[in-house]
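The values are calculated or read from the model by the stated rules, or taken from the named source; none is laboratory data. This one's a predicted model, so the numbers in the text were calculated from it and none came from an experiment. Note that we place each Cβ from the backbone using ideal geometry, even for glycine, and neighbour counts take in every protein chain shown. Just so you know, the surface numbers come from the protein's heavy atoms only, side chains and all, with ligands and any DNA or RNA stripped out. Shrake-Rupley method; radii C 1.70, N 1.55, O 1.52, S 1.80 Å.
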Amino acid sequence: MSETPQVTSALASSLDTTTVGGGADAVSPPAAVAGRPPRARASRRERLEITLLSGPAIVVFVAFVILPVIAAFYYGFYRWKGYGPPSDFIGLHNYRVILTDPEFHRAVLHNVEIAGLSLLIQGPLAILLALLLNREMRGRSIIRVLVFVPWVVSEVIAGTGLSLMLPVNGAINALLTNLHVFGHVEVQWLGPHLGLWTLMAILTWKYLGFAVILLMAGLQNIPEELYEAASIDGASYWQMQRNITLPLLGPTIRIWAFLSIIGALQLFDLPWIVWGEFNLDRDGVSTMATYMAHYGPRTGLYGYGNAVAVVLFVISLIVALLYQRFVLRRDISGSVTDGGRR
Amino acid sequence: MTTSTLDAAPGPSRSRRASGRPQRRKLPWGSPAVYFIALVVIGLTLAPVAYIVLGGFRDNSQLTVDPAGLPSPWRFANYSNVLSSSTFWREFANSVIVGGVTTLLVVAMGVSASFVIARYRFRGRGLMFGLFAAGLMFPITVAITPLFIILDKLNLTDSLLGVILPQVAFGLPTTIIILVPFLQAIPDEIEEAAAVDGCSRLGFFFRMVLPLSLPGVLTTGILTFVASWNSYLLPLFVLSKTSSFTLPLGIQQFHSQYASDTAAVLAFTSLSMIPALVFFTAFERRIVGGLQGAVKG
């Protein structure tokens, strides 16, 4: 119903620009009637509105996001303890140290492992859970709220609580001992062998709810008619899930995977709180971000910390761009380039 | 005409229509299994939270002797001590101020910038959207040291404003990315009709766009508030005076100060998670509904 007027007005305005062409640069009458200002030509009033409406956001964003990130690049070239302006320019030295430090290599490896395991563990679990909770049943809304609780509980709270539960004499081992199946349990959950797996369990617990929210939002957008048609054709429940739900949920899954990968690369709070800043690499899992925070502001090596931040940023950016280029291309093509208004 | 345009708007109207359908497909698999799985998941989900809340009702000897058991007897002293301490309430108030002001600013700036990106056509529009979208990839970790230096020059360290402004800046990308599809989904016909009735672009913004995008605005508002209530890294580096601490810093400080008094730490911790939980539970539907507009298949 809304297609016809749009097509005619687009046709009219394109005709208008080709035939009348360079002559009049005033707003063409058909476009004005349709209420669509011509492309890339903003009137003075419009420019004022654009400035007024988007100005504050841009100023704050540039001042507190863009400028600091640029500054991080600048400080990364200095040996600098944070007092006074940086003066000891050392070029790429910080970067050379970072890229040859085995501790940083381990941190990067941890980030990669966390990203991969998050996808493998959380993805299937979240899809199953979202399908399960998307059914009509009594008490569904309560179950839904409860599943999201860990996502709402802050990292500090979760980290503090868990770091009190996980020690050798903590609640988890006591609970396992009380089951009388494994004998007296004294597992070092926070120790060097299990550190990564404990972290994965914590992350799954903490962020599964978010994945489920996102996937359920995606499920709502799948038209009911498809399932009705499929069930008339005699498709089983699992056939419908495999042939209708999963393909149509694809864009949502790919967006979640993107957020999950980026989140894994930038992970800071939970390792920092659960393992405690100084035991990170010895006992648990250091990440690029905890490495940065430890060797940056905490140790007073501001220049070095900033260089680490730059490396972290560049790695995230490369991963994000590659992902958008190869995985998200179908999903976002057109959302920015063709103006989005269809 | 009017019904078809309203249907096209995102938000609860669509989902209500879908769930209000009388005919439903039959569930092929028995409910008990579903409930069983749901119960297991919820049990695993809530166990750590329950440990924190119940732990506050114990004393420390109970925690050492039987760390996994229920409190026996129940003690209320830990909770009443926290609730009568001025430190807790000061930190609580700081968190409320930071969360409230951050949310207000993020929503106000986010909606108006999203409106420009969604409905104005001008050169640099793609760049603007790209700039904010790129902001998603800038973790606050990368910017934390220079941010601290900028805030220091502005004399904003140790002030709540020094936490609020960066939080607003880092909150804008998510907000804008969620809101732009919402504002784009408002049919052109409504804008045209408003223009025919003599409504300016700005009048259209205030009278039509704000009400129509309310689901998205609420979603981003709630997400911003919860994120601010929980934020840790930024306050950790910006605030050093205990009088300006927010609750997450308060928990950490309480934890290190009373390291041996685990039960008290658990009481403090569980009291400080209540507001975010209440806030989220009250608006859970809104969050799911709001994300629908953002994650269009």
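Table for the structure above
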{"quantity": "Residue check, A:Y302 of a type outside the set (K, R) and surrounded by fewer than 22 Cβ atoms within 10 Å (Cβ to Cβ)", "calculated": "no"}
{"quantity": "Selection from the range B:220-253 of residues that are without any contact (Cβ under 8 Å) to a residue 24 or more places away in the chain and either touching a Cys at 6+ places or on another chain (Cβ under 8 Å) or of a type in the set (A, V, I, L, M, F, W, C) (or both)", "calculated": "B:L236, B:I251"}
{"quantity": "Listing of helices (runs of 4 or more DSSP H) fully contained in the range A:132-205 that carry 2 or more residues being closer than 30 Å to A:Y237 by Cβ", "calculated": "A:140-147, A:149-152"}
{"quantity": "The listed residue being part of a helix (DSSP H, G or I) and facing chain A (nearest Cβ under 9 Å), out of B:G99, B:G126", "calculated": "B:G126"}
{"quantity": "Which listed residue, of B:Y79, B:Y51, is among the hydroxyl-bearing types (S, T, Y) and surrounded by fewer than 21 Cβ atoms within 10 Å (Cβ to Cβ)", "calculated": "B:Y79"}
{"quantity": "From the options B:L202, B:L210, residue that is under 22 Å from B:I117 (Cβ atoms), within 11 Å of another protein chain (Cβ to nearest Cβ) and either part of a helix (DSSP H, G or I) or open to solvent by less than 10 Å² (accessible area, probe 1.4 Å) (or both)", "calculated": "B:L202"}
{"quantity": "Every pair of residues 6+ apart whose Cβ atoms lie under 7 Å, when the first sits in the range B:196-207 and is on the phi < 0 side of the Ramachandran plot while the second is of a type in the set (A, V, I, L, M, F, W, C) and assigned to a helix (DSSP H, G or I)", "calculated": "B:F204/B:A194; B:F205/B:F115"}
{"quantity": "Out of B:V82, B:V111, sole residue that is assigned to a helix (DSSP H, G or I), modelled with pLDDT of 85 or more and either in contact with a helix residue (DSSP H, G or I) (Cβ under 8 Å, 6 or more places away or on another chain) or over 30 Å from A:L125 (Cβ atoms) (or both)", "calculated": "B:V111"}
{"quantity": "Test: residue in the range A:82-94 that is part of a helix (DSSP H, G or I) and more than 19 Å from the chain's Cα centre (by Cα)", "calculated": "yes"}
{"quantity": "B:A227 vs. criteria surrounded by fewer than 20 Cβ atoms within 10 Å (Cβ to Cβ), farther than 23 Å from B:R286 by Cβ and among the hydrophobic types (A, V, I, L, M, F, W, C)", "calculated": "no"}
{"quantity": "A:W238 being open to solvent by 20 Å² or more (accessible area, probe 1.4 Å) and of a type outside the set (G, A, S)", "calculated": "yes"}
{"quantity": "Test: B:N94 is open to solvent by 40 Å² or more (accessible area, probe 1.4 Å), in contact (Cβ under 8 Å) with a residue 12 or more places away in the chain and of a type in the set (S, T, N, Q)", "calculated": "no"}
{"quantity": "Extreme residue, surrounded by the fewest Cβ atoms within 10 Å (Cβ to Cβ), among residues of the range B:140-192 that are more than 7 Å from chain A (Cβ to nearest Cβ), within 23 Å of the chain's Cα centre (by Cα) and of a type in the set (G, A, S)", "calculated": "B:S159"}
